[in-house]
Amino acid sequence: MLPTKAYAAQSETKPLEPFNIERREPSANDVLLEIKYCGVCHSDLHQARNEWKNSMYPMVPGHEIVGIVTKIGSDVKDIKIGDTVGIGCFVNSCRKCTNCKNGEEQYCANTAFTYNSTDNGVPTFGGYSTQITIDRNYLLKIPAGLPLDATAPLLCAGITTYKPLKTWGAGPGKKVAVVGLGGLGHMAVKIAKAMGAEVTVLSRGEQKKEAAKQLGADQYVATNVAKNIESLAEYFDLVVDTVSAEHDIDAILSTIKLGGVIVLVGVPPEGVKFNAHNIISKRRIFAGSMIGGIAETQEMLDFCAAHKVTADIELIDIKDVNDAYERMEHGNVKYRFVIDCATLN
Ligand SMILES: [Zn+2]
Ligand SMILES: [Zn+2]
(Lines give C-alpha, C1' and ligand atoms only; values in the text may rest on other atoms or scores of the structure.)
(Ligands and ions follow the chains in the order given, each with its own letter.)
Protein backbone atom coordinates (compact mmCIF):
# COMPACT_ATOMS: atom_id res chain seq x y z
CA MET A 1 0.00 0.00 0.00
CA LEU A 2 1.07 3.58 -0.65
CA PRO A 3 0.93 5.99 2.32
CA THR A 4 -0.74 9.21 1.17
CA LYS A 5 -1.37 12.58 2.82
CA ALA A 6 -4.94 13.82 2.72
CA TYR A 7 -7.48 16.11 4.37
CA ALA A 8 -10.59 14.48 5.78
CA ALA A 9 -13.81 15.19 7.64
CA GLN A 10 -14.07 12.79 10.58
CA SER A 11 -17.76 13.54 11.18
CA GLU A 12 -20.47 15.83 9.91
CA THR A 13 -19.72 18.44 12.56
CA LYS A 14 -15.91 18.44 12.24
CA PRO A 15 -13.87 20.71 9.98
CA LEU A 16 -11.52 19.07 7.49
CA GLU A 17 -8.14 18.20 9.00
CA PRO A 18 -4.95 16.33 8.04
CA PHE A 19 -5.44 12.57 7.68
CA ASN A 20 -3.23 9.76 6.39
CA ILE A 21 -4.72 7.31 3.92
CA GLU A 22 -3.36 4.47 1.81
CA ARG A 23 -3.71 4.04 -1.94
CA ARG A 24 -3.45 0.64 -3.62
CA GLU A 25 -0.35 -0.34 -5.59
CA PRO A 26 -1.31 -0.09 -9.27
CA SER A 27 -2.41 -3.47 -10.66
CA ALA A 28 -2.14 -4.38 -14.37
CA ASN A 29 -4.81 -1.96 -15.65
CA ASP A 30 -4.21 0.79 -13.04
CA VAL A 31 -2.51 4.16 -13.17
CA LEU A 32 -1.02 6.02 -10.20
CA LEU A 33 -1.01 9.78 -10.36
CA GLU A 34 0.44 12.56 -8.29
CA ILE A 35 -2.44 14.96 -7.71
CA LYS A 36 -1.53 18.52 -8.66
CA TYR A 37 -4.86 20.29 -8.23
CA CYS A 38 -8.34 19.47 -6.98
CA GLY A 39 -11.40 21.66 -7.43
CA VAL A 40 -13.76 22.34 -4.54
CA CYS A 41 -17.30 21.45 -5.65
CA HIS A 42 -20.39 22.51 -3.73
CA SER A 43 -21.25 18.82 -3.37
CA ASP A 44 -18.03 18.36 -1.36
CA LEU A 45 -19.50 20.63 1.29
CA HIS A 46 -22.92 18.95 1.20
CA GLN A 47 -21.35 15.54 1.72
CA ALA A 48 -18.72 16.56 4.29
CA ARG A 49 -21.61 17.91 6.38
CA ASN A 50 -23.89 14.94 5.68
CA GLU A 51 -26.55 17.16 4.15
CA TRP A 52 -27.61 14.36 1.79
CA LYS A 53 -27.80 11.89 4.71
CA ASN A 54 -25.55 9.35 2.99
CA SER A 55 -22.11 10.30 4.28
CA MET A 56 -19.41 7.84 5.32
CA TYR A 57 -16.53 8.94 7.55
CA PRO A 58 -13.68 9.56 7.50
CA MET A 59 -14.36 11.38 4.24
CA VAL A 60 -11.71 12.78 1.89
CA PRO A 61 -13.71 14.91 -0.57
CA GLY A 62 -12.72 16.03 -4.06
CA HIS A 63 -13.82 14.90 -7.55
CA GLU A 64 -12.22 17.49 -9.79
CA ILE A 65 -8.75 15.98 -9.92
CA VAL A 66 -5.82 16.70 -12.24
CA GLY A 67 -2.35 15.25 -11.90
CA ILE A 68 0.71 13.69 -13.46
CA VAL A 69 1.13 9.97 -14.04
CA THR A 70 3.87 8.49 -11.85
CA LYS A 71 3.34 4.75 -12.35
CA ILE A 72 1.43 2.50 -14.76
CA GLY A 73 0.30 -1.13 -14.71
CA SER A 74 1.68 -3.64 -17.22
CA ASP A 75 -1.50 -3.68 -19.36
CA VAL A 76 -1.79 0.09 -19.74
CA LYS A 77 -0.59 0.92 -23.24
CA ASP A 78 -1.99 4.35 -24.06
CA ILE A 79 -0.81 6.29 -21.00
CA LYS A 80 2.78 6.95 -20.03
CA ILE A 81 4.61 8.30 -17.03
CA GLY A 82 4.55 12.11 -17.05
CA ASP A 83 1.20 12.41 -18.88
CA THR A 84 -1.30 14.94 -17.54
CA VAL A 85 -4.54 13.21 -16.58
CA GLY A 86 -7.78 13.81 -14.75
CA ILE A 87 -10.42 12.07 -12.63
CA GLY A 88 -14.02 13.19 -12.30
CA CYS A 89 -16.93 12.09 -10.15
CA PHE A 90 -16.51 8.32 -10.39
CA VAL A 91 -13.69 5.76 -10.48
CA ASN A 92 -15.45 2.53 -11.41
CA SER A 93 -18.79 0.99 -12.42
CA CYS A 94 -20.15 -2.50 -13.19
CA ARG A 95 -19.17 -2.35 -16.92
CA LYS A 96 -21.94 -4.86 -17.77
CA CYS A 97 -25.27 -3.01 -17.51
CA THR A 98 -26.95 -1.20 -20.39
CA ASN A 99 -25.94 2.20 -19.04
CA CYS A 100 -22.28 1.20 -18.75
CA LYS A 101 -22.32 -0.34 -22.23
CA ASN A 102 -23.85 2.85 -23.64
CA GLY A 103 -21.11 5.01 -22.13
CA GLU A 104 -23.36 6.42 -19.43
CA GLU A 105 -21.51 4.88 -16.50
CA GLN A 106 -22.70 7.66 -14.19
CA TYR A 107 -26.16 6.10 -14.30
CA CYS A 108 -24.94 2.59 -13.44
CA ALA A 109 -26.61 1.20 -10.32
CA ASN A 110 -23.14 0.27 -9.03
CA THR A 111 -21.06 3.34 -9.82
CA ALA A 112 -18.09 3.73 -7.48
CA PHE A 113 -17.98 7.45 -6.86
CA THR A 114 -14.62 9.12 -6.32
CA TYR A 115 -15.33 9.58 -2.61
CA ASN A 116 -18.07 8.82 -0.10
CA SER A 117 -18.56 5.49 -1.85
CA THR A 118 -16.95 2.06 -2.13
CA ASP A 119 -15.04 0.40 -4.95
CA ASN A 120 -15.04 -3.41 -4.69
CA GLY A 121 -15.90 -3.05 -1.02
CA VAL A 122 -13.09 -0.60 -0.24
CA PRO A 123 -14.01 2.97 0.80
CA THR A 124 -13.07 5.56 -1.83
CA PHE A 125 -11.15 8.73 -0.96
CA GLY A 126 -11.17 11.82 -3.15
CA GLY A 127 -8.76 14.40 -4.45
CA TYR A 128 -7.91 16.40 -1.33
CA SER A 129 -4.79 14.23 -1.24
CA THR A 130 -1.37 13.84 -2.82
CA GLN A 131 -1.87 10.76 -5.02
CA ILE A 132 -4.51 8.32 -6.22
CA THR A 133 -4.63 4.97 -8.00
CA ILE A 134 -7.31 4.46 -10.64
CA ASP A 135 -8.30 1.97 -13.32
CA ARG A 136 -7.27 3.29 -16.76
CA ASN A 137 -10.85 2.93 -18.06
CA TYR A 138 -12.01 5.70 -15.72
CA LEU A 139 -9.10 8.07 -16.31
CA LEU A 140 -9.27 11.14 -18.57
CA LYS A 141 -6.45 12.59 -20.63
CA ILE A 142 -5.88 16.32 -20.17
CA PRO A 143 -5.06 17.77 -23.60
CA ALA A 144 -1.83 19.76 -23.93
CA GLY A 145 -2.17 23.51 -23.58
CA LEU A 146 -4.81 23.57 -20.85
CA PRO A 147 -3.63 25.19 -17.59
CA LEU A 148 -3.93 22.37 -15.04
CA ASP A 149 -5.31 24.37 -12.11
CA ALA A 150 -8.12 26.02 -14.09
CA THR A 151 -8.86 22.72 -15.83
CA ALA A 152 -9.66 20.80 -12.63
CA PRO A 153 -13.24 22.15 -12.35
CA LEU A 154 -14.02 20.89 -15.86
CA LEU A 155 -14.07 17.35 -14.42
CA CYS A 156 -17.36 18.05 -12.62
CA ALA A 157 -18.69 21.57 -13.34
CA GLY A 158 -17.55 21.37 -16.97
CA ILE A 159 -19.13 18.05 -17.87
CA THR A 160 -22.27 18.79 -15.82
CA THR A 161 -23.01 21.74 -18.09
CA TYR A 162 -21.45 20.53 -21.37
CA LYS A 163 -23.60 17.39 -21.46
CA PRO A 164 -27.07 19.02 -21.36
CA LEU A 165 -25.95 21.84 -23.67
CA LYS A 166 -24.84 19.26 -26.21
CA THR A 167 -27.80 16.92 -25.71
CA TRP A 168 -30.32 19.69 -26.29
CA GLY A 169 -28.57 21.25 -29.25
CA ALA A 170 -26.91 24.47 -28.03
CA GLY A 171 -25.18 25.98 -31.06
CA PRO A 172 -25.38 28.70 -33.72
CA GLY A 173 -28.87 30.17 -34.06
CA LYS A 174 -29.97 28.82 -30.68
CA LYS A 175 -30.96 31.01 -27.75
CA VAL A 176 -29.70 29.59 -24.47
CA ALA A 177 -30.41 30.90 -20.97
CA VAL A 178 -28.28 30.06 -17.95
CA VAL A 179 -30.01 30.44 -14.60
CA GLY A 180 -27.63 31.19 -11.74
CA LEU A 181 -24.02 32.32 -12.02
CA GLY A 182 -21.99 30.18 -9.62
CA GLY A 183 -19.50 27.40 -10.32
CA LEU A 184 -21.85 25.57 -12.69
CA GLY A 185 -23.43 28.67 -14.22
CA HIS A 186 -20.15 30.29 -15.17
CA MET A 187 -19.05 27.10 -16.97
CA ALA A 188 -22.42 26.89 -18.75
CA VAL A 189 -21.99 30.44 -20.08
CA LYS A 190 -18.48 29.78 -21.37
CA ILE A 191 -19.30 26.43 -22.96
CA ALA A 192 -22.58 27.60 -24.55
CA LYS A 193 -20.73 30.58 -26.05
CA ALA A 194 -17.98 28.29 -27.34
CA MET A 195 -20.71 26.15 -28.97
CA GLY A 196 -21.88 29.25 -30.82
CA ALA A 197 -25.20 29.90 -29.05
CA GLU A 198 -26.61 33.26 -28.03
CA VAL A 199 -26.32 33.23 -24.24
CA THR A 200 -28.41 35.06 -21.67
CA VAL A 201 -27.79 34.93 -17.93
CA LEU A 202 -30.91 35.00 -15.77
CA SER A 203 -30.23 36.08 -12.20
CA ARG A 204 -32.32 37.50 -9.40
CA GLY A 205 -30.92 41.03 -9.22
CA GLU A 206 -28.52 43.30 -11.09
CA GLN A 207 -25.47 42.36 -8.98
CA LYS A 208 -23.92 39.90 -11.42
CA LYS A 209 -24.46 41.89 -14.61
CA GLU A 210 -20.83 42.92 -15.12
CA ALA A 211 -19.54 39.46 -14.21
CA ALA A 212 -21.86 37.86 -16.77
CA LYS A 213 -20.63 40.20 -19.51
CA GLN A 214 -17.03 39.43 -18.60
CA LEU A 215 -17.74 35.72 -19.01
CA GLY A 216 -19.03 36.39 -22.51
CA ALA A 217 -22.80 36.42 -21.99
CA ASP A 218 -24.69 38.32 -24.72
CA GLN A 219 -27.47 39.41 -22.40
CA TYR A 220 -28.19 39.65 -18.70
CA VAL A 221 -31.71 39.78 -17.32
CA ALA A 222 -32.67 40.41 -13.71
CA THR A 223 -35.58 38.08 -13.06
CA ASN A 224 -36.91 39.90 -9.99
CA VAL A 225 -38.55 42.48 -12.29
CA ALA A 226 -41.80 41.12 -13.78
CA LYS A 227 -41.61 43.13 -17.01
CA ASN A 228 -38.15 41.68 -17.74
CA ILE A 229 -39.61 38.19 -17.69
CA GLU A 230 -42.58 39.30 -19.80
CA SER A 231 -40.25 40.74 -22.44
CA LEU A 232 -38.67 37.30 -22.82
CA ALA A 233 -41.94 35.40 -23.39
CA GLU A 234 -41.34 32.28 -25.54
CA TYR A 235 -37.80 33.41 -26.30
CA PHE A 236 -35.37 30.61 -25.40
CA ASP A 237 -34.72 27.26 -27.06
CA LEU A 238 -32.96 25.92 -23.99
CA VAL A 239 -32.63 26.90 -20.35
CA VAL A 240 -29.91 25.37 -18.17
CA ASP A 241 -30.99 25.89 -14.57
CA THR A 242 -28.04 25.61 -12.16
CA VAL A 243 -29.74 27.00 -9.05
CA SER A 244 -29.78 24.76 -5.98
CA ALA A 245 -32.13 26.90 -3.88
CA GLU A 246 -35.85 27.60 -4.11
CA HIS A 247 -36.71 29.81 -7.11
CA ASP A 248 -39.59 30.67 -9.45
CA ILE A 249 -39.65 27.92 -12.09
CA ASP A 250 -42.95 29.14 -13.58
CA ALA A 251 -41.41 32.50 -14.46
CA ILE A 252 -38.55 30.72 -16.20
CA LEU A 253 -40.90 28.37 -18.08
CA SER A 254 -42.73 31.35 -19.58
CA THR A 255 -39.51 32.40 -21.35
CA ILE A 256 -39.18 29.07 -23.23
CA LYS A 257 -40.51 28.78 -26.79
CA LEU A 258 -42.81 26.06 -28.13
CA GLY A 259 -41.17 22.67 -27.65
CA GLY A 260 -38.20 24.21 -25.87
CA VAL A 261 -36.39 22.67 -22.94
CA ILE A 262 -35.53 23.45 -19.33
CA VAL A 263 -32.86 21.16 -17.91
CA LEU A 264 -32.08 21.11 -14.21
CA VAL A 265 -28.52 20.51 -13.00
CA GLY A 266 -28.92 22.06 -9.53
CA VAL A 267 -30.77 20.29 -6.74
CA PRO A 268 -32.90 22.54 -4.50
CA PRO A 269 -33.18 20.51 -1.27
CA GLU A 270 -36.82 21.43 -0.80
CA GLY A 271 -37.72 20.18 -4.30
CA VAL A 272 -39.14 22.21 -7.20
CA LYS A 273 -42.71 23.28 -7.84
CA PHE A 274 -44.26 24.43 -11.09
CA ASN A 275 -47.64 24.71 -12.74
CA ALA A 276 -48.16 21.80 -15.17
CA HIS A 277 -50.05 24.20 -17.45
CA ASN A 278 -46.74 25.96 -18.14
CA ILE A 279 -45.37 22.76 -19.66
CA ILE A 280 -48.50 21.55 -21.43
CA SER A 281 -49.58 24.81 -23.03
CA LYS A 282 -46.35 25.14 -25.06
CA ARG A 283 -45.28 21.49 -25.31
CA ARG A 284 -42.23 22.35 -23.22
CA ILE A 285 -39.81 19.69 -22.02
CA PHE A 286 -38.75 19.47 -18.38
CA ALA A 287 -35.45 17.60 -18.13
CA GLY A 288 -32.57 16.79 -15.81
CA SER A 289 -28.96 15.74 -16.34
CA MET A 290 -26.18 14.35 -14.15
CA ILE A 291 -22.46 14.77 -15.10
CA GLY A 292 -21.50 12.60 -18.12
CA GLY A 293 -19.91 9.28 -19.08
CA ILE A 294 -16.17 8.76 -19.49
CA ALA A 295 -16.15 9.10 -23.28
CA GLU A 296 -18.30 12.24 -23.08
CA THR A 297 -16.06 13.71 -20.42
CA GLN A 298 -13.04 13.14 -22.65
CA GLU A 299 -14.94 14.77 -25.53
CA MET A 300 -15.71 17.77 -23.26
CA LEU A 301 -12.02 18.13 -22.31
CA ASP A 302 -11.00 18.03 -25.99
CA PHE A 303 -13.71 20.59 -26.82
CA CYS A 304 -12.54 22.89 -24.02
CA ALA A 305 -8.92 22.61 -25.20
CA ALA A 306 -9.93 23.43 -28.78
CA HIS A 307 -11.94 26.46 -27.63
CA LYS A 308 -9.59 27.50 -24.80
CA VAL A 309 -12.31 27.16 -22.17
CA THR A 310 -11.33 26.73 -18.52
CA ALA A 311 -12.83 27.74 -15.18
CA ASP A 312 -12.24 31.06 -13.41
CA ILE A 313 -10.61 29.96 -10.19
CA GLU A 314 -9.15 31.04 -6.88
CA LEU A 315 -6.18 28.81 -6.01
CA ILE A 316 -5.95 27.96 -2.30
CA ASP A 317 -3.66 26.25 0.18
CA ILE A 318 -5.18 23.08 1.70
CA LYS A 319 -5.10 24.67 5.17
CA ASP A 320 -7.61 27.27 3.93
CA VAL A 321 -10.16 24.71 2.72
CA ASN A 322 -12.50 25.17 5.70
CA ASP A 323 -12.59 28.94 5.11
CA ALA A 324 -13.22 28.22 1.44
CA TYR A 325 -16.27 26.13 2.42
CA GLU A 326 -17.63 29.05 4.45
CA ARG A 327 -17.15 31.45 1.57
CA MET A 328 -18.62 29.01 -0.96
CA GLU A 329 -21.70 28.65 1.22
CA HIS A 330 -22.22 32.39 0.92
CA GLY A 331 -21.59 32.47 -2.82
CA ASN A 332 -18.39 34.41 -2.22
CA VAL A 333 -16.12 32.86 -4.86
CA LYS A 334 -15.41 33.63 -8.51
CA TYR A 335 -16.17 30.92 -9.46
CA ARG A 336 -14.38 27.88 -8.16
CA PHE A 337 -11.83 27.24 -5.42
CA VAL A 338 -9.03 24.93 -6.50
CA ILE A 339 -6.66 23.33 -4.00
CA ASP A 340 -2.94 23.38 -4.76
CA CYS A 341 -2.29 19.81 -3.60
CA ALA A 342 1.45 20.46 -3.23
CA THR A 343 0.46 22.27 -0.01
CA LEU A 344 -0.48 18.93 1.55
CA ASN A 345 3.22 18.09 1.78
ZN1 LIG B 1 -18.96 18.16 -8.27
ZN1 LIG C 1 -23.12 -0.61 -14.94
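General remarks:
- Point-to-point label distance, His307-Ala295, nm (Cα→Cβ direction, 7 Å offset): 2.1 nm
- In Å², nearest 10: area of Glu326 left accessible to a 1.4 Å probe: 90 Å²
- Pairs of Cα atoms nearer than 8 Å and 6+ residues apart set the relative contact order; for region 96-245 it is 18 percent.
- Positive-end extreme of charge dipole, the chain - chosen from Asn29, Gly82, Tyr220 (charges on Cβ): Tyr220
- Over region 252-319, equivalent-ellipsoid semi-axes from the Cα gyration tensor in Å: 32, 18, 12
- Cut-off 14 Å between beta-carbons: net charge of the residues surrounding Gly260, Lys and Arg +1, Asp and Glu -1: +2
- Projected-area average for the chain over all orientations - Cα convex hull basis, square nanometres: 16.8 nm²
- Angle between the chain longest axis and helix 157-167 axis [Cα atoms, degrees, rounded to 10]: 50 degrees
- Ignoring aspartates and glutamates fewer than eight residues from Lys319 along the same chain, the ones with Cα atoms less than 12 angstrom from its Cα are Glu17, Asp340.
- Among 31-42, 84-95, the order from most to least packed when residues are scored by Cβ within 10 Å on average: 31-42, 84-95
- Peptides 130-143, 255-268 ordered by packing proxy, namely the average of other Cβ atoms within 10 Å per residue, highest first: 130-143, 255-268.
- By average C-beta atoms within 10 angstrom, highest first, the peptides 274-285, 330-341, 243-254: 330-341, 243-254, 274-285
- FRET efficiency for the pair Asp248 and Ile285, taken as 1/(1 + (r/R0)^6) with r the Cβ-Cβ distance and R0 = 25 Å, rounds to 0.85.
- Inter-label distance, Cys97 to Asp218: 3.9 nm, where each label sits 7 Å from its Cα along the C-beta direction.
- The chain: angle of helix 294-306 to the longest principal axis, Cα-based, in degrees nearest 10: 70 degrees
- Candidate cross-link partners of Lys308 among the aspartates and glutamates, defined by an alpha-carbon separation under 20 Å and a same-chain spacing of 8 or more, comprise Glu64, Asp83, Asp149, Glu198, Asp218, Glu296, Glu299.
- Structural descriptor for the chain: relative contact order 18 percent, calculated from alpha carbon pairs under 8 angstrom and at least 6 residues apart.
- Projected label distance in nm at Ile68 and Leu315, using a 7 Å step from Cα toward the beta-carbon: 1.4 nm
- Given Lys96/Lys166; Lys77/Lys101; Lys174/Lys209; Lys14/Lys163, the pairs whose alpha carbons are separated by over 24 Å: Lys96/Lys166; Lys14/Lys163
- Computed over the chain, the per-residue total of -39500 (n - 2.57) for DSSP H runs of n ≥ 4 gives a 222 nm mean residue ellipticity of -6000 deg cm²/dmol, rounded to 500.
- Accessible carbon and sulfur surface of region 158-288 relative to its total accessible area, %, 1.4 Å: 52 percent
The values are calculated or read from the model by the stated rules, or taken from the named source; none is laboratory data. Keep in mind that this is a model prediction, so the values were computed, not measured. Cβ atoms come from the backbone with ideal geometry, glycine included; neighbour counts cover every protein chain shown. Note: accessible area is taken over every heavy atom of the protein model, side chains too, but ligands, DNA and RNA are not part of it. Shrake-Rupley method; radii C 1.70, N 1.55, O 1.52, S 1.80 Å.
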